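Undergrad: Quick one: the structure is below, questions incoming.
Read-outs throughout are calculated quantities, based only on the coordinates presented, and are distinct from any laboratory measurement. From a predicted model like this one, the values you see are computed outputs, not experimental measurements. Heads up, the Cβs are rebuilt from the backbone with ideal geometry, glycines too, and the neighbour counts pull from every protein chain shown.
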Amino acid sequence: KCIYILNGPNLNLLGQRQPEIYGHETLADVERACAELARAAGVEVQLFQSNHEGEIIDTIHRARAGAAGIVINPAAYTHTSVAILDALNAYDGPVIEVHISNVHQREAFRHHSYVSLRADGVIAGCGVQGYELAVARLLRLIA
Ligand code: DQA
């Protein structure tokens, strides 16, 4: 079995980008932690990051055949993208939405998520540990 971890725009800069909000750990650190967790349960992890909405949608389409579940941090597209919501609605497996920061404590435009209409669970404000929490939840859901 394989799960996808999808990250949207600017998350390639994790560790360098507004570290007071997003912390000092990099996406590679996140990937390592998640892969270890999943591998212990006999599950592979594939990590994708893109700054382009269409590439995220293409990856969700590939997940239809290739992934038992999806962890997604759509970043800013969370708050804007009906297209990503539609792509997730065409995907059958469990979806967990992650936000590193507590979006509800921030600007009002971050309080609404299109992706939450589809997500089976949402984790926000747990820092990059949120990815591990999301993987743990997915592993339970696909077990
Ligand atoms: C984010 C929150 C979004 O509002 C923001 O645009 C991001 C990251 C988070 O992980 O906290 O880029 O999804």
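Undergrad: Within 16 Å of the ligand (Cβ to nearest atom), of a type in the set (Phe, Trp, Tyr) and either closer than 23 Å to Glu25 by Cβ or in a loop (DSSP other than H, G, I, E, B) (or both), is that true of Tyr77?
TA: Against the criterion (within 16 Å of the ligand (Cβ to nearest atom), of a type in the set (Phe, Trp, Tyr) and either closer than 23 Å to Glu25 by Cβ or in a loop (DSSP other than H, G, I, E, B) (or both)), Tyr77 qualifies.
Undergrad: With the checklist (1) surrounded by 16 or more Cβ atoms within 10 Å (Cβ to Cβ); (2) more than 12 Å from the chain's Cα centre (by Cα); (3) within 22 Å of Leu47 (Cβ to Cβ) in hand, flag the one item Ala90 doesn't pass.
TA: The failed condition is (1).
Undergrad: Scan the stretch 14-51 for residues that are free of Cβ contacts under 8 Å to residues at least 24 places away in the same chain and loosely packed, with under 14 Cβ neighbours inside 10 Å and jot them down.
TA: Just the residues of the stretch 14-51 that are free of Cβ contacts under 8 Å to residues at least 24 places away in the same chain, to begin with: 15-20, 24, 26-28, 32, 35-36, 39-40.
Once the filter is applied, which keeps residues that are free of Cβ contacts under 8 Å to residues at least 24 places away in the same chain and loosely packed, with under 14 Cβ neighbours inside 10 Å, the stretch 14-51 yields Gln16, Arg17, Gln18, Pro19, Glu20, His24, Ala28, Glu36, Arg39, Ala40.
Undergrad: Could you tell me how many of the residues in the stretch 93-115 are outside any strand (DSSP E or B), surrounded by 16 or more Cβ atoms within 10 Å (Cβ to Cβ) and more than 10 Å from the ligand (Cβ to nearest atom)?
TA: Qualifying residue count, the stretch 93-115: 3.
Undergrad: Is it true that Ala134 is farther than 20 Å from Cys2 by Cα and aliphatic (A, V, I, L, M)?
TA: In short, no.
Undergrad: Within 14 Å of the chain's Cα centre (by Cα) and either more than 20 Å from Thr59 (Cα to Cα) or loosely packed, with under 15 Cβ neighbours inside 10 Å (or both): does that describe Ile123? Show your work before the answer.
TA: Working: within 14 Å of the chain's Cα centre (by Cα): yes; either more than 20 Å from Thr59 (Cα to Cα) or loosely packed, with under 15 Cβ neighbours inside 10 Å (or both): yes.
Yes, satisfied.
Undergrad: From the residues in the stretch 7-59 that are over 15 Å from the mean Cα position of the chain (by Cα) and of a type in the set (S, T, N, Q), which one is nearest to the ligand (Cβ to nearest atom)?
TA: Gln18
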